[in-house]
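Peer 1: Just dropping this structure here.
The values are calculated or read from the model by the stated rules, or taken from the named source; none is laboratory data. All values derive from a computational prediction rather than experimental measurement. Note that we place each Cβ from the backbone using ideal geometry, even for glycine, and neighbour counts take in every protein chain shown.
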Amino acid sequence: MNPHPYPPRHPHHRPGWAPPARPAMEVHRLHWATAPLRSLNIVVVYFVLIGMWLLLDPEDWSRLDPARFLVFLLVTFPVAVVAGVIGVWAWWAVRFWIDGDDLVVDTGMVRSRIRRIPLSRMQGVDVVSPLLGRLLGLAEVRLELAGGSSAEITLRYLGKRRARELRAELVALAAGLPGHTPEAPERPFCRVGFGVLFASLALRIPVLLSFALFVALVVFGIATGELAVLAVAVPILLGLCREVIAPLVMYTRFRSSIAPDGIRLRFGLLESRLQTVPPGRIQALRVVEPWMWRYFGWARVEMTVAGYGGERQSLSSTLLPVGPVEAAFAMVSEVFPGVVVEGVALTPTQSRWRKNDAAGISREVFVSRRGRFRRTWDVVDFARAQSVRLTSSPLQRLLGLGTVQVDVPPGPVQVAAVDWEVARARGLADETVARARPARARSGSLEHWAG
Amino acid sequence: MNEQPQILPPQPYRQRTREEAFAPPEGARWWRISPRHKWYRRVVALVVALLAGPLGAFVVARTGGTPGAVVWSAATVLAFVLAWLVAEQAYQAWGFLERGDDLVITSGVFQRRIVIVPYARMQFVDVTSGPLEQLFGLATVRLHTAAATTDAAIPGLPIAVADQLRDRLAARGDEGAGL
């Protein structure tokens, strides 16, 4: 008897029980290499924490004592066996299958621990190959779900081909198509060259300033023979690595392409990623033109996707790390069809101190532009807008001003018309609400965008 | 026939004056919260003043001597009197309106505010009632959307009214998709 209200633990294992004639119910396991990799992981941790100290004499690092070596072997052998068993067990325990519109993942080792993931709530699928995985032809599949910090499923590892097939299958099912639908064709949208990427990361005021400071410190250190400058120079160097080298490695070979099942982003030098954002999942966009980039006509595009919350947000919110402004706005038009951001009539704010800020609405979107040197454009589709707020702080009330904000899920985008003449601000808020209503009706339910 | 829903040209809005900027939508009046809410606020202010006044005065007296304690007590009394007076204004400022597609909430004495939450974007509604609120038979209805910045709460509703409002809102939210 099955005491659980769940489907049987392993639909194929009971004799005389025929699996339903649905090809999607096939139960899958992770790639077998997951087991040795996990065992290796445990052994490495053991060696660093315990094994190394058993093996090496703390008094004399170079000498190898036979008695110590024997103890080391006696301890290490059982640990290796246990690690091997854990690896195989952990690999064997994880099973997943597709049941109707849900992805079902069973991670129970001793008893069933089933997690059902409704694919209609899926916000994105990433296929990630870490450096080691790429050498072995492995990849992991990550599903982003709306809501919560634990709303993420990782299947680690799958064979490279299997991962791609699973990605296509999940996206097709989320779209309301049969799971065996072949992968949708894509058309390349843009690619970012290494030189442009490096230049764009370097040509930022804080980066240039800290680099100048670093050079000055090093020159000063060499000239005077003072080693104390290292105490300042090394943290600056680390900061530069974090701000320039890390994004450079991450976004090298960035390519984006448009497919009917969403926008696909591929990038990464060491760890390669294929990020899929299904249509309708992008809530709002921001086009950023940093001051120095504007001389080259470059811009960056960031997105707000519900569910990409917390620390992972900055990792997954880039839609275009750098590109021509035209490409950035074209990307906005791809995400929100029929929207031309530059074509939206913007009204400047009526405050004396924010002459460069402006906001405006078209039939589909609310656009706000901000900044004199570093310019940002925030765009939200009315169909995706959450609530609309009109506020007037005490200072604003003295000046007869108000702020209209369109709330969007947490992310890089903040859409607001700041410091409008308060009566016009109210008009804008009412107009936004009035336009959001038909926009929501037009977009309908986006759960199954192809269904 | 065209399958697209008809897009009507936007209705021309009567230009509001500055004073009318936070007025209710055309042809409607705000629904008010319970007048007990201001007494609730005053009792909260009293409790805070009774706790913070003597305690703070004691601490200040230990370090700053008697003049400090006197200043602290005066400040507490002043803050209490202000809170007492503002409670009336704050009560007057609260208003809400259930419309066909959205809920409109207004509030704020110093910082004026209007929030418009479409039912279709509502994720859940909850009703809370703290011990002091329960003493007055009041409850707070709060609407949550996918945006963390949405601050749509209506305090000071009689508990029965709050429950009814929650049920109505929940029923309307079910019709929408949520995201």
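Peer 1: Filter region B:83-133 down to the residues that are in contact with a Phe, Trp or Tyr (Cβ under 7 Å, 6 or more places away or on another chain), within 10 Å of chain A (Cβ to nearest Cβ) and among the aliphatic types (A, V, I, L, M) and list them by number.
Peer 2: Correct list: B:LEU103, B:VAL104, B:ILE105, B:ILE114.
Peer 1: Can you tell me which residue within region A:37-77, out of those that are of a type in the set (Gly, Ala, Ser) and more than 30 Å from A:LEU131 (Cα to Cα), is modelled with the highest pLDDT?
Peer 2: Let us first name the residues in region A:37-77 that are of a type in the set (Gly, Ala, Ser), namely A:39, A:51, A:62, A:67.
Right, trim to more than 30 Å from A:LEU131 (Cα to Cα) and you get A:62, A:67.
Numbers: A:SER62: 70, A:ALA67: 82.
If we take residues in region A:37-77 being of a type in the set (Gly, Ala, Ser) and more than 30 Å from A:LEU131 (Cα to Cα), then A:ALA67 is modelled with the highest pLDDT.
Peer 1: Going by the conditions given, is A:PRO235 closer than 28 Å to A:VAL322 by Cβ and assigned to a loop (DSSP other than H, G, I, E, B)?
Peer 2: The answer is no for A:PRO235.
Peer 1: Between B:ASP126, B:ASP102, which is farther than 20 Å from B:GLU26 by Cβ, among the acidic types (Asp, Glu) and within 17 Å of the chain's Cα centre (by Cα)?
Peer 2: Working: B:ASP102 fails: farther than 20 Å from B:GLU26 by Cβ.
Just one listed residue meets the conditions, B:ASP126.
Peer 1: Can you name the number of the only condition in (1) within 12 Å of chain B (Cβ to nearest Cβ); (2) at pLDDT 90 or above; (3) within 29 Å of the chain's Cα centre (by Cα); (4) surrounded by fewer than 22 Cβ atoms within 10 Å (Cβ to Cβ) that A:VAL415 fails?
Peer 2: The one condition A:VAL415 does not meet is (4).
For (1) closer than 28 Å to A:PRO290 by Cα; (2) outside the structural domain of A:SER129 (by TED's automatic domain parsing); (3) at pLDDT 90 or above, each residue gets a yes or a no:
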| site | (1), (2), (3) |
| --- | --- |
| A:LEU177 | no, no, no |
| A:PRO185 | no, no, no |
| A:ALA228 | no, yes, no |
| A:VAL244 | yes, yes, yes |
| A:SER257 | yes, yes, yes |
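Peer 1: Right, next: Taking interchain pairs and intrachain pairs at least six residues apart, which have beta carbon atoms under 9 angstrom, with the first residue in region A:200-221 and in contact (Cβ under 8 Å) with a residue 24 or more places away in the chain and at negative phi and the second among the hydroxyl-bearing types (Ser, Thr, Tyr) and in a helix (DSSP H, G or I)?
Peer 2: What qualifies is A:LEU201/A:TYR251; A:LEU203/A:TYR295.
Peer 1: With respect to B:LEU143, is the statement that it is away from chain A (no Cβ under 14 Å), touching a residue at least 12 places away in the same chain (Cβ under 8 Å) and either in contact with a helix residue (DSSP H, G or I) (Cβ under 9 Å, 6 or more places away or on another chain) or over 23 Å from A:VAL408 (Cα atoms) (or both) true?
Peer 2: Values: away from chain A (no Cβ under 14 Å): no; touching a residue at least 12 places away in the same chain (Cβ under 8 Å): yes; either in contact with a helix residue (DSSP H, G or I) (Cβ under 9 Å, 6 or more places away or on another chain) or over 23 Å from A:VAL408 (Cα atoms) (or both): yes.
Criteria not met by B:LEU143.
Peer 1: Can I ask one more? Restricting the search to region B:146-177, which residues are charged (D, E, K, R), more than 20 Å from A:ALA284 (Cβ to Cβ) and within 13 Å of another protein chain (Cβ to nearest Cβ)?
Peer 2: Within region B:146-177, the subset charged (D, E, K, R) is B:151, B:163, B:166-168, B:172, B:174-175.
Pick out the ones that are also more than 20 Å from A:ALA284 (Cβ to Cβ) and you get B:163, B:166-168, B:172, B:174-175.
Hits for region B:146-177 are B:ASP174, B:GLU175.
Peer 1: Here is a follow-up. Scan region A:40-49 and give yes if some residue there is in contact with a helix residue (DSSP H, G or I) (Cβ under 8 Å, 6 or more places away or on another chain) and either part of a loop (DSSP other than H, G, I, E, B) or exposed (fewer than 12 other Cβ atoms within 10 Å of the Cβ) (or both), otherwise no.
Peer 2: There is no residue in region A:40-49 that is in contact with a helix residue (DSSP H, G or I) (Cβ under 8 Å, 6 or more places away or on another chain) and either part of a loop (DSSP other than H, G, I, E, B) or exposed (fewer than 12 other Cβ atoms within 10 Å of the Cβ) (or both).
Peer 1: Continuing with this model, one more query. Being crowded, with 21+ Cβ neighbours inside 10 Å, farther than 14 Å from A:THR432 by Cβ, at pLDDT below 90 and within 14 Å of chain B (Cβ to nearest Cβ), is that true of even one residue in region A:395-411?
Peer 2: Looking for residues that are crowded, with 21+ Cβ neighbours inside 10 Å, farther than 14 Å from A:THR432 by Cβ, at pLDDT below 90 and within 14 Å of chain B (Cβ to nearest Cβ), one finds at least one in region A:395-411, hence yes.
Peer 1: Residues in region A:375-384: is at least one within 12 Å of chain B (Cβ to nearest Cβ), surrounded by 20 or more Cβ atoms within 10 Å (Cβ to Cβ), modelled with pLDDT under 90 and within 25 Å of the chain's Cα centre (by Cα)? So that I can check it myself, show each step before the final result.
Peer 2: From region A:375-384, those within 12 Å of chain B (Cβ to nearest Cβ) are A:380, A:382-384; that's our starting set.
Now restrict to residues that are surrounded by 20 or more Cβ atoms within 10 Å (Cβ to Cβ): A:380, A:382-384.
Checking which are modelled with pLDDT under 90 leaves us with A:383-384.
Adding the requirement that they be within 25 Å of the chain's Cα centre (by Cα) leaves A:383-384.
Checked against the condition, which is being within 12 Å of chain B (Cβ to nearest Cβ), surrounded by 20 or more Cβ atoms within 10 Å (Cβ to Cβ), modelled with pLDDT under 90 and within 25 Å of the chain's Cα centre (by Cα), region A:375-384 yields at least one hit.
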